[in-house]
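Report on one structure; see the data block that follows.
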Amino acid sequence: MRILLDTSAYSSFMRGHQGIKEAIQSADSIAVNPIVLGELQAGFQLGRHSDQNRKTLKQFLASPRVRVVAMDEETAERYAVILNALWTVGRPIPTNDLWIAATAMQYGLTILTTDAHFKHVVQVLVHHVALT
């Protein structure tokens with residue numbers, strides 16, 4: 001499985017959530033996009049362990065199985081498709097999550113997340129792990 005990490009999945013992985021940990025360990029490749037990196041950096045700035053969190057993220061990104069995927073005009077086109085589809089059925093999701101879904105659609109990746117609203121995005125595969 002080739003996955004795109006949502007911010008919630010990365011955070012849960014760092015907290016040791018077993019289901020997320022297993023999904024990441026079994027993935028063939030792991031991608032993140034600039035939206036996820038921005039959300040993580042914003043959270044780090046507010047936290048008490050900012051330097052350690054940045055260091056841990058840098059180590060995670062250095063893994064040969066992990067890559068940062070680009071966002072471009074194609075991503076924007078897919079964003080529009082997903083946004084309009086969700087508006088049509090009355091199921092909006094947060095804007096950053098639309099960009100994450102558009103990236104997954106563009107690169108043919110499965111979104112790994114703890115956020116259930118991704119299940120309403122029919123254009124992508126979603127591996128949802130409930131936080132219990």
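Once the Cβ-Cβ distance of Thr56 and Arg91 is raised to the sixth power relative to R0 = 41 Å, the FRET efficiency obtained is 0.75. Taking amide hydrogens as placed 1.01 Å from N in the peptide plane, the amide H of Thr110 sits under 5 Å from those of Arg2, Ile3, Leu4, each at least 5 positions away in sequence or on another chain.
The distance from the alpha carbon centre of region 45-116 to that of region 7-35 is 12 Å, rounded to a whole number. By the beta-carbon count within 10 Å of each Cβ, the least crowded to most crowded order of Ser50, Ser26, Ser8, fewest first, is Ser26, Ser50, Ser8. Between Ala130 and Leu37, the modelled labels are 3.5 nm apart [label points 7 Å from Cα along Cα→Cβ]. Placing pseudo-labels 7 Å out from each Cα toward the beta carbon at Gln25 and Gln45 gives an inter-label distance of 3.5 nm.
Compare the Cα positions of Val68, Ala31, Ala9 along the charge dipole of region 2-128 (+1 at Cβ of Lys, Arg; -1 at Cβ of Asp, Glu; about the Cα centre) and return the one farthest towards the positive end. Of the options given, the answer is Ala9. Of the residues Asp72, Asp6, the one with the fewest other Cβ atoms within 10 Å heads the list, and the complete ranking is Asp72, Asp6.
Sparsely packed loop sites in region 63-132 (the trypsin sites (Lys or Arg not before Pro) outside DSSP H, G, I, E and B with at most 14 other Cβ atoms within 10 Å) comprise Arg65. Quarter the surface of the alpha carbon convex hull of region 2-128 and you get the mean projected area, 7.4 square nanometres.
Rule-based calculations on the coordinates, nothing more; no lab input. Because the structure is predicted, anything quoted here is derived from the model rather than measured. Quick reminder, even Gly has a Cβ in these numbers, built from the backbone with ideal geometry, and neighbours come from all protein chains shown.
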